[in-house]
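Everything on this sheet refers to the single structure shown next.
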Amino acid sequence: IRFIKMEIVKEISKMKEISKFWKRQGYKIAFVPTMGFLHGAHLALVKKAKELGDKTVVSIFVNPLQFGPKEDFREYPRDLERDLALLEKEKVDAVFIPETEEMYPPDFQTYVEVTKLTTGLCGAFRPGHFKGVTTVVLKLFNIINPDIAIFGEKDYQQLQVIKQMIKDLNLDIEIVAHPTVREKDGLAMSSRNIYLSSAERESAISLYKALLLAQKLVKEGEKDSQKIKEEMEKFIYSFPFTKVQYIEFVDPQTLDPIDKINKPVLCALAVYVGKARLIDNMLITP
Ligand code: PAF
(Lines give C-alpha, C1' and ligand atoms only; values in the text may rest on other atoms or scores of the structure.)
Protein backbone atom coordinates (compact mmCIF):
# COMPACT_ATOMS: atom_id res chain seq x y z
CA ILE A 1 0.00 0.00 0.00
CA ARG A 2 1.35 3.39 -1.00
CA PHE A 3 0.73 6.10 1.57
CA ILE A 4 0.24 9.43 -0.17
CA LYS A 5 0.44 12.29 2.24
CA MET A 6 -1.51 15.51 2.01
CA GLU A 7 0.50 18.30 0.41
CA ILE A 8 0.57 21.49 2.48
CA VAL A 9 1.46 24.30 0.11
CA LYS A 10 2.26 27.91 0.96
CA GLU A 11 3.79 29.16 -2.28
CA ILE A 12 1.77 30.06 -5.36
CA SER A 13 4.52 28.68 -7.65
CA LYS A 14 4.50 25.30 -5.88
CA MET A 15 0.69 25.06 -5.98
CA LYS A 16 0.74 25.82 -9.72
CA GLU A 17 3.38 23.15 -10.26
CA ILE A 18 1.34 20.52 -8.43
CA SER A 19 -1.89 21.29 -10.26
CA LYS A 20 -0.09 21.39 -13.63
CA PHE A 21 1.40 17.98 -12.86
CA TRP A 22 -2.03 16.58 -12.00
CA LYS A 23 -3.62 18.08 -15.12
CA ARG A 24 -0.91 16.55 -17.32
CA GLN A 25 -1.84 13.18 -15.87
CA GLY A 26 -5.45 13.81 -16.83
CA TYR A 27 -6.76 14.21 -13.29
CA LYS A 28 -9.91 16.22 -12.65
CA ILE A 29 -9.24 18.76 -9.89
CA ALA A 30 -12.08 19.64 -7.50
CA PHE A 31 -11.54 22.73 -5.36
CA VAL A 32 -13.08 23.99 -2.12
CA PRO A 33 -12.10 27.57 -1.20
CA THR A 34 -12.40 28.37 2.53
CA MET A 35 -11.31 30.87 5.14
CA GLY A 36 -10.56 28.05 7.57
CA PHE A 37 -11.91 27.33 11.07
CA LEU A 38 -13.56 24.41 9.38
CA HIS A 39 -16.90 22.99 10.49
CA GLY A 40 -19.33 20.34 9.29
CA ALA A 41 -20.50 22.38 6.30
CA HIS A 42 -16.93 22.79 4.99
CA LEU A 43 -16.39 19.06 5.40
CA ALA A 44 -19.59 18.38 3.45
CA LEU A 45 -18.17 20.48 0.59
CA VAL A 46 -14.91 18.54 0.80
CA LYS A 47 -16.78 15.21 0.65
CA LYS A 48 -18.65 16.47 -2.43
CA ALA A 49 -15.33 17.48 -4.02
CA LYS A 50 -13.86 14.04 -3.30
CA GLU A 51 -16.88 12.51 -4.99
CA LEU A 52 -16.67 14.70 -8.11
CA GLY A 53 -12.93 14.99 -8.72
CA ASP A 54 -9.81 12.82 -8.86
CA LYS A 55 -7.74 15.27 -6.83
CA THR A 56 -9.12 17.53 -4.12
CA VAL A 57 -7.62 20.89 -3.20
CA VAL A 58 -8.80 23.02 -0.26
CA SER A 59 -7.57 26.57 0.25
CA ILE A 60 -7.46 28.23 3.65
CA PHE A 61 -6.98 31.97 3.36
CA VAL A 62 -8.64 34.69 5.43
CA ASN A 63 -8.90 37.20 2.63
CA PRO A 64 -8.39 40.74 3.97
CA LEU A 65 -9.82 42.20 0.74
CA GLN A 66 -13.35 41.04 1.51
CA PHE A 67 -13.55 42.58 5.00
CA GLY A 68 -14.62 46.19 5.56
CA PRO A 69 -12.50 48.45 7.81
CA LYS A 70 -14.98 47.97 10.69
CA GLU A 71 -15.47 44.24 10.10
CA ASP A 72 -14.04 41.21 11.88
CA PHE A 73 -10.86 40.45 9.87
CA ARG A 74 -8.65 40.53 12.99
CA GLU A 75 -11.03 38.54 15.19
CA TYR A 76 -12.00 36.06 12.47
CA PRO A 77 -11.45 32.63 14.10
CA ARG A 78 -8.35 30.70 13.01
CA ASP A 79 -7.10 27.23 13.95
CA LEU A 80 -4.80 25.93 11.24
CA GLU A 81 -3.59 22.88 13.12
CA ARG A 82 -7.11 21.63 13.72
CA ASP A 83 -8.11 22.43 10.12
CA LEU A 84 -5.18 20.45 8.70
CA ALA A 85 -5.99 17.46 10.91
CA LEU A 86 -9.61 17.51 9.72
CA LEU A 87 -8.58 17.74 6.06
CA GLU A 88 -6.04 14.97 6.41
CA LYS A 89 -8.79 12.77 7.80
CA GLU A 90 -10.89 13.53 4.72
CA LYS A 91 -7.91 12.47 2.56
CA VAL A 92 -7.65 15.83 0.82
CA ASP A 93 -4.75 15.82 -1.69
CA ALA A 94 -3.50 19.37 -1.18
CA VAL A 95 -4.17 22.31 1.11
CA PHE A 96 -3.18 25.74 -0.15
CA ILE A 97 -2.41 28.15 2.70
CA PRO A 98 -0.74 31.27 1.28
CA GLU A 99 0.42 34.20 3.42
CA THR A 100 -1.28 37.53 2.81
CA GLU A 101 1.91 38.95 1.20
CA GLU A 102 2.05 35.99 -1.18
CA MET A 103 -1.46 36.76 -2.44
CA TYR A 104 -1.21 40.55 -2.23
CA PRO A 105 2.34 41.83 -2.72
CA PRO A 106 2.82 45.56 -2.10
CA ASP A 107 2.34 46.48 -5.78
CA PHE A 108 -0.96 44.57 -6.12
CA GLN A 109 -3.51 46.69 -8.03
CA THR A 110 -5.93 44.56 -10.05
CA TYR A 111 -9.51 43.78 -8.99
CA VAL A 112 -12.47 41.91 -10.46
CA GLU A 113 -15.98 43.18 -9.88
CA VAL A 114 -19.39 41.76 -10.73
CA THR A 115 -21.40 44.97 -10.84
CA LYS A 116 -25.16 44.39 -10.71
CA LEU A 117 -25.66 41.21 -8.66
CA THR A 118 -23.58 42.75 -5.87
CA THR A 119 -25.71 45.86 -5.32
CA GLY A 120 -28.46 44.35 -3.14
CA LEU A 121 -28.68 42.02 -0.12
CA CYS A 122 -25.29 41.77 1.67
CA GLY A 123 -23.66 43.93 -1.03
CA ALA A 124 -25.72 46.94 0.08
CA PHE A 125 -24.30 46.71 3.61
CA ARG A 126 -20.78 45.45 2.85
CA PRO A 127 -19.31 47.79 0.22
CA GLY A 128 -16.33 46.18 -1.51
CA HIS A 129 -17.02 42.76 0.01
CA PHE A 130 -17.93 40.95 -3.19
CA LYS A 131 -15.17 42.71 -5.13
CA GLY A 132 -12.79 41.21 -2.57
CA VAL A 133 -14.42 37.80 -2.94
CA THR A 134 -14.34 37.70 -6.76
CA THR A 135 -10.78 39.00 -6.86
CA VAL A 136 -9.47 36.33 -4.48
CA VAL A 137 -11.56 33.55 -6.00
CA LEU A 138 -10.31 34.35 -9.52
CA LYS A 139 -6.73 34.37 -8.21
CA LEU A 140 -7.31 31.00 -6.51
CA PHE A 141 -8.86 29.62 -9.71
CA ASN A 142 -5.81 30.78 -11.71
CA ILE A 143 -3.41 29.25 -9.20
CA ILE A 144 -5.21 25.92 -8.71
CA ASN A 145 -6.76 25.59 -12.17
CA PRO A 146 -9.69 23.44 -10.97
CA ASP A 147 -12.22 21.70 -13.20
CA ILE A 148 -14.86 21.96 -10.47
CA ALA A 149 -15.31 24.32 -7.52
CA ILE A 150 -17.81 23.78 -4.71
CA PHE A 151 -19.60 26.61 -2.89
CA GLY A 152 -22.22 26.46 -0.13
CA GLU A 153 -25.71 27.87 -0.65
CA LYS A 154 -25.64 29.62 2.72
CA ASP A 155 -23.72 32.38 0.93
CA TYR A 156 -26.31 32.41 -1.83
CA GLN A 157 -25.40 35.83 -3.23
CA GLN A 158 -21.71 34.87 -3.31
CA LEU A 159 -22.61 31.72 -5.25
CA GLN A 160 -24.59 33.71 -7.85
CA VAL A 161 -21.82 36.30 -8.11
CA ILE A 162 -19.19 33.62 -8.72
CA LYS A 163 -21.38 31.94 -11.36
CA GLN A 164 -21.77 35.30 -13.12
CA MET A 165 -18.00 35.89 -13.05
CA ILE A 166 -17.43 32.42 -14.55
CA LYS A 167 -19.89 33.20 -17.34
CA ASP A 168 -18.74 36.76 -18.01
CA LEU A 169 -15.04 35.89 -18.07
CA ASN A 170 -15.48 32.56 -19.95
CA LEU A 171 -13.82 30.39 -17.33
CA ASP A 172 -14.00 26.62 -17.88
CA ILE A 173 -14.87 25.77 -14.29
CA GLU A 174 -18.01 23.98 -13.21
CA ILE A 175 -19.51 25.61 -10.14
CA VAL A 176 -21.30 23.14 -7.89
CA ALA A 177 -23.71 24.47 -5.26
CA HIS A 178 -24.01 22.55 -2.02
CA PRO A 179 -27.17 22.87 0.15
CA THR A 180 -26.78 24.73 3.44
CA VAL A 181 -25.67 22.41 6.21
CA ARG A 182 -27.49 23.03 9.50
CA GLU A 183 -27.06 22.20 13.16
CA LYS A 184 -29.69 19.86 14.66
CA ASP A 185 -31.96 22.78 15.57
CA GLY A 186 -31.67 24.37 12.10
CA LEU A 187 -29.00 27.04 12.65
CA ALA A 188 -26.89 27.30 9.48
CA MET A 189 -23.31 26.23 10.20
CA SER A 190 -20.85 29.15 10.08
CA SER A 191 -17.40 29.87 11.45
CA ARG A 192 -18.92 33.03 12.93
CA ASN A 193 -21.25 31.00 15.20
CA ILE A 194 -18.24 30.76 17.54
CA TYR A 195 -18.88 34.45 18.42
CA LEU A 196 -22.21 33.50 20.07
CA SER A 197 -22.52 33.23 23.85
CA SER A 198 -24.78 30.41 24.99
CA ALA A 199 -27.67 32.84 25.53
CA GLU A 200 -27.11 34.35 22.05
CA ARG A 201 -26.90 30.88 20.55
CA GLU A 202 -30.55 30.40 21.57
CA SER A 203 -31.50 33.57 19.69
CA ALA A 204 -29.49 32.55 16.61
CA ILE A 205 -32.17 29.99 15.76
CA SER A 206 -34.53 32.92 15.02
CA LEU A 207 -33.13 33.26 11.45
CA TYR A 208 -34.05 29.73 10.40
CA LYS A 209 -37.36 29.85 12.26
CA ALA A 210 -38.23 33.16 10.58
CA LEU A 211 -37.55 31.54 7.18
CA LEU A 212 -39.86 28.67 8.12
CA LEU A 213 -42.47 31.23 9.15
CA ALA A 214 -42.15 32.93 5.73
CA GLN A 215 -42.57 29.56 4.03
CA LYS A 216 -45.68 28.84 6.10
CA LEU A 217 -47.25 32.24 5.32
CA VAL A 218 -46.57 31.79 1.58
CA LYS A 219 -48.04 28.27 1.65
CA GLU A 220 -51.15 29.71 3.35
CA GLY A 221 -51.57 32.05 0.39
CA GLU A 222 -49.85 35.29 1.48
CA LYS A 223 -48.26 36.93 -1.57
CA ASP A 224 -47.29 40.33 -0.21
CA SER A 225 -43.58 40.17 0.60
CA GLN A 226 -43.77 43.39 2.68
CA LYS A 227 -46.35 41.82 5.01
CA ILE A 228 -44.26 38.66 5.39
CA LYS A 229 -41.14 40.74 6.10
CA GLU A 230 -43.00 42.55 8.90
CA GLU A 231 -44.12 39.25 10.44
CA MET A 232 -40.58 37.86 10.23
CA GLU A 233 -39.11 40.99 11.79
CA LYS A 234 -41.60 40.90 14.67
CA PHE A 235 -40.79 37.24 15.20
CA ILE A 236 -37.01 37.81 15.20
CA TYR A 237 -37.29 40.71 17.65
CA SER A 238 -39.12 38.40 20.08
CA PHE A 239 -35.65 36.88 20.65
CA PRO A 240 -33.16 38.87 22.77
CA PHE A 241 -29.84 40.22 21.34
CA THR A 242 -31.20 40.38 17.76
CA LYS A 243 -30.94 43.26 15.30
CA VAL A 244 -32.24 42.76 11.78
CA GLN A 245 -30.02 44.17 9.03
CA TYR A 246 -32.21 43.09 6.13
CA ILE A 247 -34.92 40.65 5.11
CA GLU A 248 -35.42 40.44 1.33
CA PHE A 249 -37.46 38.46 -1.16
CA VAL A 250 -35.61 38.23 -4.47
CA ASP A 251 -35.59 36.44 -7.78
CA PRO A 252 -33.30 33.41 -7.27
CA GLN A 253 -31.31 34.17 -10.46
CA THR A 254 -31.23 37.95 -10.87
CA LEU A 255 -31.54 38.75 -7.14
CA ASP A 256 -33.98 41.53 -8.09
CA PRO A 257 -36.49 42.32 -5.28
CA ILE A 258 -39.93 40.73 -5.58
CA ASP A 259 -43.07 42.36 -4.15
CA LYS A 260 -45.75 39.83 -5.14
CA ILE A 261 -44.85 36.18 -4.62
CA ASN A 262 -46.28 34.24 -7.57
CA LYS A 263 -43.30 31.98 -8.29
CA PRO A 264 -40.38 30.51 -6.35
CA VAL A 265 -38.49 33.27 -4.52
CA LEU A 266 -35.38 33.38 -2.45
CA CYS A 267 -35.87 34.81 1.01
CA ALA A 268 -32.52 36.01 2.38
CA LEU A 269 -31.76 37.74 5.65
CA ALA A 270 -28.91 39.11 7.73
CA VAL A 271 -29.34 39.51 11.47
CA TYR A 272 -26.93 40.59 14.17
CA VAL A 273 -27.12 38.33 17.21
CA GLY A 274 -24.94 40.13 19.72
CA LYS A 275 -21.85 41.06 17.70
CA ALA A 276 -22.17 38.11 15.32
CA ARG A 277 -23.58 39.00 11.93
CA LEU A 278 -25.44 35.89 10.73
CA ILE A 279 -26.99 35.23 7.33
CA ASP A 280 -29.36 32.59 6.03
CA ASN A 281 -31.72 32.03 3.12
CA MET A 282 -34.36 29.67 1.81
CA LEU A 283 -36.02 29.05 -1.53
CA ILE A 284 -39.75 29.53 -0.99
CA THR A 285 -42.32 28.14 -3.40
CA PRO A 286 -45.95 29.26 -3.34
O1 PAF B 1 -17.08 31.74 1.46
C2 PAF B 1 -15.92 31.96 1.87
O3 PAF B 1 -15.44 31.34 2.82
C4 PAF B 1 -15.09 33.03 1.20
O5 PAF B 1 -15.87 34.08 0.78
C6 PAF B 1 -14.23 32.48 0.04
C7 PAF B 1 -15.11 31.94 -1.06
C8 PAF B 1 -13.30 31.40 0.55
C9 PAF B 1 -13.38 33.61 -0.55
O10 PAF B 1 -12.51 34.14 0.38
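Please specify each residue of region 121-161 satisfying the condition of being near the ligand (Cβ under 9 Å from one of its atoms), part of a helix (DSSP H, G or I) and among the small types (G, A, S).
Matches in region 121-161: G132 only.
With L255, L269 as the choices, which residue is under 17 Å from the mean Cα position of the chain (by Cα), touching a residue at least 12 places away in the same chain (Cβ under 8 Å) and not in a strand (DSSP E or B)? Give the derivation first.
Details: L269 fails: not in a strand (DSSP E or B).
None of the other options fit; the residue is L255.
Using the structure shown, decide if K216 is over 17 Å from L278 (Cβ atoms) and within 14 Å of the ligand (Cβ to nearest atom).
When the stated conditions are applied, K216 does not pass them.
Does Y208 qualify as being touching an Asp or Glu at 6+ places or on another chain (Cβ under 8 Å), surrounded by 15 or more Cβ atoms within 10 Å (Cβ to Cβ), in contact (Cβ under 8 Å) with a residue 60 or more places away in the chain and aromatic (F, W, Y)?
Details: touching an Asp or Glu at 6+ places or on another chain (Cβ under 8 Å): yes; surrounded by 15 or more Cβ atoms within 10 Å (Cβ to Cβ): yes; in contact (Cβ under 8 Å) with a residue 60 or more places away in the chain: yes; aromatic (F, W, Y): yes.
For Y208, the condition - touching an Asp or Glu at 6+ places or on another chain (Cβ under 8 Å), surrounded by 15 or more Cβ atoms within 10 Å (Cβ to Cβ), in contact (Cβ under 8 Å) with a residue 60 or more places away in the chain and aromatic (F, W, Y) - is met.
Of the conditions (1) of a type in the set (G, A, S); (2) over 23 Å from E174 (Cβ atoms); (3) away from the ligand (no atom under 12 Å from the Cβ), G36 fails just one. Which one is it?
The single condition G36 does not satisfy is (3).
Can you pull out the residues in region 275-285 that are more than 20 Å from K234 (Cβ to Cβ) and not hydrophobic (A, V, I, L, M, F, W, C)?
Within region 275-285, the first condition is being more than 20 Å from K234 (Cβ to Cβ), and the residues that meet it are 275-277, 283, 285.
Passing the criteria: K275, R277, T285.
Looking only at region 1-39, filter to residues that are at pLDDT below 95 and of a type outside the set (K, R); which one of those is surrounded by the most Cβ atoms within 10 Å (Cβ to Cβ)?
First pass over region 1-39, keeping only residues at pLDDT below 95: 1-5.
Of the ones still in play, those that are also of a type outside the set (K, R) are 1, 3-4.
Numbers: I1: 3, F3: 4, I4: 8.
My answer is I4.
Looking only at region 211-252, filter to residues that are assigned to a loop (DSSP other than H, G, I, E, B) and within 23 Å of the chain's Cα centre (by Cα); which one of those is surrounded by the most Cβ atoms within 10 Å (Cβ to Cβ)?
Here is the first cut: in region 211-252, the residues assigned to a loop (DSSP other than H, G, I, E, B) are 220-223, 238-241, 251-252.
After this cut, where a residue has to be within 23 Å of the chain's Cα centre (by Cα) as well, the list is 251-252.
Numbers: D251: 13, P252: 16.
My answer is P252.
Take I12 and decide whether it is over 20 Å from V181 (Cα atoms), touching a residue at least 24 places away in the same chain (Cβ under 8 Å) and more than 16 Å from the ligand (Cβ to nearest atom).
Numbers: over 20 Å from V181 (Cα atoms): yes; touching a residue at least 24 places away in the same chain (Cβ under 8 Å): yes; more than 16 Å from the ligand (Cβ to nearest atom): no.
So I12 fails the test.
Within region 145-163, does at least one residue satisfy the condition of being in contact with a helix residue (DSSP H, G or I) (Cβ under 7 Å, 6 or more places away or on another chain), farther than 30 Å from L269 by Cα and either modelled with pLDDT of 95 or more or among the small types (G, A, S) (or both)?
Yes, region 145-163 has at least one match.
Test each condition in (1) more than 16 Å from the ligand (Cβ to nearest atom); (2) hydroxyl-bearing (S, T, Y); (3) within 20 Å of Y272 (Cα to Cα) for T110 and report the one that comes out false.
Exception for T110: condition (3).
Only residues that are touching a helix residue (DSSP H, G or I) at 6+ places or on another chain (Cβ under 9 Å) and outside any loop (DSSP other than H, G, I, E, B): list them for region 100-120, please.
Matches in region 100-120: T100, E102, M103.
For region 171-200, give me each residue that is away from the ligand (no atom under 16 Å from the Cβ) and either over 21 Å from P252 (Cα atoms) or polar (S, T, N, Q) (or both).
D172, E183, K184, D185, G186, L187, L196, S197, S198, A199, E200
So how many residues does region 163-178 have that are surrounded by fewer than 12 Cβ atoms within 10 Å (Cβ to Cβ) and assigned to a loop (DSSP other than H, G, I, E, B)?
Counting residues in region 163-178 that are surrounded by fewer than 12 Cβ atoms within 10 Å (Cβ to Cβ) and assigned to a loop (DSSP other than H, G, I, E, B) gives 2.
Does K234 qualify as being closer than 14 Å to K209 by Cα and at pLDDT 95 or above? Write out each step before concluding.
Values: closer than 14 Å to K209 by Cα: yes; at pLDDT 95 or above: yes.
Considered against the rule, which asks whether it is closer than 14 Å to K209 by Cα and at pLDDT 95 or above, K234 comes out as yes.
The values are calculated or read from the model by the stated rules, or taken from the named source; none is laboratory data. Remember, it's a predicted structure, so these values are computed and weren't measured experimentally. Positions of Cβ are generated from backbone atoms using ideal geometry, with glycine treated the same way; all protein chains shown enter the neighbour counts.
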